[in-house]
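Below: one structure, written as structure tokens.
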Amino acid sequence: MSATQAEPAALLDVADLCTHYGRIQALHGVSLSVPQGSLVALVGANGAGKTTLLRTLSGVQQAITRARADLRVRSGISQVPEGRQMFGPMSVEDNLRLGAYTRPVAEAQRSLERIYAMFPVLEARRVQPAGTLSGGQQQMLSIGRALMSQPRLLLLDEPSMGLAPQLVAEIFTAIVALAREGMTILLVEQNAHAALSVADFGYVLEIGQTVMSGRGRDLLADERVKQAYLGM
């Protein structure tokens, strides 16, 4: 019997994915794999197609596969959108409960308790309008709302956007904790150093194409990545 452990099976495989905005082609044959239980980072400059890829996977942006976005949620895909996109006038708790609309009531309650344990500040502000939260608290709420559906695959789009360094560290600590619990995560992040530092595996996207891939720590050490994305 070999002592070598088998690689985990892929929870998501993407092969030659293309998508358009009208006549403009945004993705030009993107291919990537997200193994079960792994944290995979996708990095690249603004306009590279990172957000478009996540929107295509979640069904917000249409591609060849026509399954509705809500059916993808039911199949286990949940997205934390860029810019958080809270329902501002609604309470924190109502925003969270919206994330569990596909789950039975008892399961939703258990998920709510889990989110409050993960982000105690959300429980303290559960009756407060979501629009009055700070940027970091809104990002916690956005992650919590996505987790309420009990996803098998969590898509995270630019979780550090607009946050102070201390809050970025808090958000990434939560992401790492989820990964250690076995959550499968595809992380899109312009802060390439932060993303690749925590990722098991990473991809570099340029102009709608995957141009590099490797283990997170290997990409961090790659001279091309350093010069193009890490300012080194």
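Values quoted throughout were computed directly from the atomic coordinates according to the rules given, and no laboratory measurement underlies them. This one's a predicted model, so the numbers in the text were calculated from it and none came from an experiment. For neighbour counting, all protein chains shown are included, and Cβ atoms are generated from backbone atoms with ideal geometry for every residue, glycine included.
General observations
- Angle of helix 105-118 to the longest C-alpha principal axis of the chain, folded into 0 to 90 degrees and rounded to 10: 70°.
- Two-site label geometry, C18 and T173: point separation in nm, points 7 Å out along Cα→Cβ: 4.6 nm
- Förster radius 41 Å - calculated FRET efficiency between Q25 and E223 (Cβ-Cβ, nearest 0.05): 0.85
- Take every Cα pair under 8 Å whose residues are at least 6 apart in sequence, average their separation, divide by the length of the chain, and the relative contact order is 28 percent.
- Extension gain, L98-E181: 0.36 nm per intervening residue step, less the Cα-Cα distance, totals 27.5 nm.
- Quarter of Cα convex hull surface for the stretch 110-165, i.e. mean projection, nm²: 4.3 nm²
- Computed from the Kirkwood radius of its Cα pairs, the Stokes-Einstein diffusion coefficient for the stretch 70-129 at 10 °C and 1.306 mPa s stands at 128 µm²/s.
- Which of F87, F201 has the fewest Cβ neighbours within 10 Å, and the rest in rising order: F87, F201
- Pairwise centroid distance, computed over Cα atoms, of the stretch 20-36 with the stretch 168-201, Å: 22 Å
- Net charge over other residues, Cβ less than 15 angstrom from the Cβ of Q139 (K, R count +1; D, E count -1): -2
- One chain, two ends: S213 and H193. Fully extended at 0.36 nm per residue, the span grows by 5.7 nm beyond their Cα-Cα distance.
- Within the stretch 22-56, trypsin sites (Lys or Arg not before Pro) in DSSP loop having at most 10 other beta-carbon neighbours inside 10 Å: R23
- Each semi-axis of the equivalent ellipsoid for the chain is √(5λ) with λ an eigenvalue of the Cα gyration tensor; in descending order they amount to 28, 20, 19 Å.
- Among beta bridges identified by DSSP and lying wholly in the chain, the antiparallel ones come to about 50 percent.
- A Förster radius of 22 Å combined with the Cβ-Cβ distance from M161 to V105 puts the calculated FRET efficiency at roughly 0.10.
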